[in-house]
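The values are calculated or read from the model by the stated rules, or taken from the named source; none is laboratory data. Keep in mind that what you see is a predicted model, and the values were worked out from it rather than measured. So basically every Cβ, Gly included, is an ideal-geometry build from the backbone, and we count neighbours across all protein chains shown. Ligands, DNA and RNA are excluded from the accessible area calculation, which covers all protein heavy atoms including side chains. Shrake-Rupley method; radii C 1.70, N 1.55, O 1.52, S 1.80 Å.
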Amino acid sequence: MADPSSYRPSPGQIPDSPGVYKFRDEHRRVIYVGKAKNLRQRVANYFQDLAHLHPRTRTMVTTAASVEWTVVSTEVEALQLEYTWIKEFDPRFNVKYRDDKSYPYLAVTLNEEFPRVQVMRGAKKKGVRYFGPYGHAWAIRETVDLMLRVFPVRTCSAGVFKNAARTGRPCLLGYIDKCSAPCVGRVTPEEHRALAEDFCDFMAGRTGTYIRRLEKDMMQAAEEMEYERAARLRDDAGALKRAMEKSAVVLADATDADLIAVAEDELEAALQIFHVRGGRVRGQRGWVTDKVEAVDTAGLVEHALQQLYGEERGDAVPKEVLVPALPEDTEAVSQWLAERRGAQVSLRIPQRGDKKDLMTTVQRNAQQALGLHKTKRASDLTTRSRALEEIAEALGLDAAPLRIECYDISHLQGDDVVASMVVFEDGLARKSEYRRFQIKGFEGQDDVRSMHEVIGRRFKRYLQEKERTGEWEQPPPASGEAPHPAQVPPAPHPAQVPPAPHPAQGAPLPADGTDPRDTDPRGDDGREDDGRPKRFAYPPQLVVVDGGQPQVAAARRALDELGIDDIAVCGLAKRLEEVWLPDDDDPVVLPRSSEGLYLLQRVRDEAHRFAITYQRSKRAKRIRSSPLDDVAGLGETRKQALIKHFGSVKKLRQATIEEICQVPGIGRRTAESVAAALAAAAPAAPAVNTATGEIMEEDDGGTS
């Protein structure tokens, strides 16, 4: 690891003009390329105190052994030179997008004497006109098959073309009029090229001209009583319309635009691009990248623009580019795009209307692409095994943690405080083992105390199971000491314990706040009475908490109080993805490319998702609560019957006991209980809208 001060240039050496700089390692390999409006200011930022640098930037400057720069005239030139060097040197610390799959394009080889329409993948070639990309090659072939009726362009390979020219006989497409057969001289090279250019114009979105021309010729043929020709022209127009229908209209003003959306987390980013031409989505593609440098959404967008349009010219660069965040130097990027297009390019964030709605769709596609990428990565057995081994090595475990439990606390400003427990076994989520908790030991917001309570309750249940099966023998406390928290009275036999009601039936939670379904009686053989594995019976090899040093210390303290010393604990802090261990003042920083870090992040994110889902459901249920919920013996069916009969809680409150008794299934005792509950819950005075003076009526949906 190099000391950046060993190769730091003096401030006077660095010019204050625009330019591009390169960091090289000890082997003279370029490891990072960047651009700057002011080289002196930008380069000096890399040589500040290492503690103030982003961890990824810190890794880069300590890997480098030298820095050099090139001065240019304008910021646009700096942008172009940066792209050229990134492409040439492929630096390891620069963001590089990689296709999540090889997308097929519809290509027209205008660089040949007789242009050919075909499906192409891979790098683009000079002189070839591309349309797309498409999601599937069969979608291209269906479109081409429809359009060959009107634009019979050559689609055959060079070998087939030469063989037909040698024998003087065209292929099948030539006989069925889906090819103009230039191989046997039916059309001249100029006529065939005109067909290919018309094909390209139609695919580029200029569709109305050709359809109107066909319809005009059809009407003229019908007036001249050339009905067979009119029918053929009618079918040709229909084929073009069907080809257009395969791409839905998304922007009514026939806009030519590319829409770019980014979905990202701390480690990776997914990019989705929709290519809209003539108001229709003509192509879609996506990239995924590792965030190997400290980069925000605006930086990701700038890198994407460079990769998208670095090799493009003319109409391949659209009139509008819609992005989720503008690059740092928007003016220079816009000018660079305009130079490549040869005309003005609008680079902006959509604010309203159809374009903003379409951007939401593109963003949703990006989120799905990122999730799919993570799922594919997690499903690989070799990758999972390597991740578990890396975690064991980094945390100093004796063996790979085959069972990992992660805990997270969720609340809304101190209300509805809940916790989640998610389980990963062999690197995969075990959703049947997920658990959720309500914090009952105190009120208010205290994540550290909440974590201590949840860990204590979960592992107290684990010790109860071990004691039940005889696997745990708690030593007696020393003279004068209080009993150990794990020393609990033996549980009653299953036959003596009534089955716990389901939460949906309105049963209260037990004292420890766990879900009633987690307190079902169990047999003594380590399994449920019906043969299923017992809940809370299996210990993890690793406990992960969502948080930093305080949360980790609270979890470790809870385990120590229970006498458990064979379960490892760590925490994952979201801000810098640092792994914290108990009693360590410094975090464990896993390598950026570590599969172990990726697995820990997935476990943490799943615990956060599960916790916040539970917290939101509790809050929604509390908001939807009704005074009828407090009536003993009144189930959901009879509550709905009451609301349906009277129309609202307000009208039910005004009803007499005799009127309530008229509802099917409601007896006099229940009616009296309903009336008493509603009277106790009645508001002291009607709510008034202070702005208008209007008296606010109660909600007719059954709440009050």
I want to confirm something. Restricting to the range 255-277 and keeping residues that are open to solvent by 30 Å² or more (accessible area, probe 1.4 Å) and farther than 28 Å from GLU578 by Cβ, which single residue is modelled with the lowest pLDDT?
ARG277
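Listed here are the residues, each with its yes/no results for (1) at pLDDT 90 or above; (2) not in a strand (DSSP E or B).
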position	(1), (2)
THR382	no, yes
LEU388	no, yes
ALA394	no, yes
ASP398	no, yes
PRO401	no, yes
SER410	no, no
VAL418	no, no
MET421	yes, no
Take ARG186 and tell me if it is in contact (Cβ under 8 Å) with a residue 12 or more places away in the chain, in a helix (DSSP H, G or I) and either surrounded by 14 or more Cβ atoms within 10 Å (Cβ to Cβ) or under 41 Å from the mean Cα position of the chain (by Cα) (or both).
no
Can PHE23 be described as more than 17 Å from GLU88 (Cα to Cα) and in contact (Cβ under 8 Å) with a residue 40 or more places away in the chain?
no
Restricting the range 306-324 to residues that are more than 25 Å from ASP201 (Cα to Cα) and open to solvent by less than 20 Å² (accessible area, probe 1.4 Å), the one modelled with the lowest pLDDT turns out to be GLN306
If you check LYS639 against the conditions, is it open to solvent by 40 Å² or more (accessible area, probe 1.4 Å) and within 51 Å of the chain's Cα centre (by Cα)?
no
Only one of ASP217, ASP177, ASP236 is open to solvent by less than 40 Å² (accessible area, probe 1.4 Å), more than 16 Å from PRO115 (Cβ to Cβ) and among the charged types (D, E, K, R), namely ASP236
For the subset of the range 332-354 comprising residues that are among the charged types (D, E, K, R) and in contact (Cβ under 8 Å) with a residue 24 or more places away in the chain, which member is least open to solvent (accessible area, probe 1.4 Å)?
ARG340
State all residues of the range 14-26 that are open to solvent by 90 Å² or more (accessible area, probe 1.4 Å) and over 13 Å from ALA44 (Cβ atoms); if no residue qualifies, say none.
GLU26
Considering only helices (runs of 4 or more DSSP H) wholly within the range 21-101, the ones with at least 3 residues that are modelled with pLDDT under 85 are 55-63, 75-89
Would you check if ALA399 is open to solvent by 50 Å² or more (accessible area, probe 1.4 Å) and small (Gly, Ala, Ser)?
yes
The number of residues in the range 189-228 that are outside any helix (DSSP H, G or I) and within 53 Å of the chain's Cα centre (by Cα) is 4
Looking for something closer than 20 Å to ARG364 by Cα, open to solvent by 30 Å² or more (accessible area, probe 1.4 Å) and outside any loop (DSSP other than H, G, I, E, B) - is there at least one such residue anywhere in the range 287-302?
yes
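A quick yes/no check of all residues on (1) within 33 Å of the chain's Cα centre (by Cα); (2) of a type outside the set (D, E, K, R); (3) open to solvent by 40 Å² or more (accessible area, probe 1.4 Å):
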position: GLY12; (1), (2), (3): no, yes, yes
position: ARG28; (1), (2), (3): no, no, yes
position: VAL33; (1), (2), (3): yes, yes, no
position: LEU39; (1), (2), (3): no, yes, no
position: VAL61; (1), (2), (3): yes, yes, no
position: THR74; (1), (2), (3): no, yes, yes
position: ILE86; (1), (2), (3): yes, yes, no
Kindly check whether there is at least one residue in the range 142-152 that is modelled with pLDDT under 80, part of a loop (DSSP other than H, G, I, E, B) and farther than 30 Å from TYR21 by Cβ.
yes
Here is a list of conditions, (1) buried (at least 17 other Cβ atoms within 10 Å of the Cβ); (2) closer than 25 Å to ILE140 by Cβ, and PRO327 meets all of them except one; can you say which number that is?
(2)
The condition from (1) within 22 Å of the chain's Cα centre (by Cα); (2) open to solvent by less than 30 Å² (accessible area, probe 1.4 Å) that ASP357 misses is numbered (2)
Over 14 Å from GLN80 (Cβ atoms) and touching a strand residue (DSSP E or B) at 6+ places or on another chain (Cβ under 7 Å): does that describe GLU320?
yes
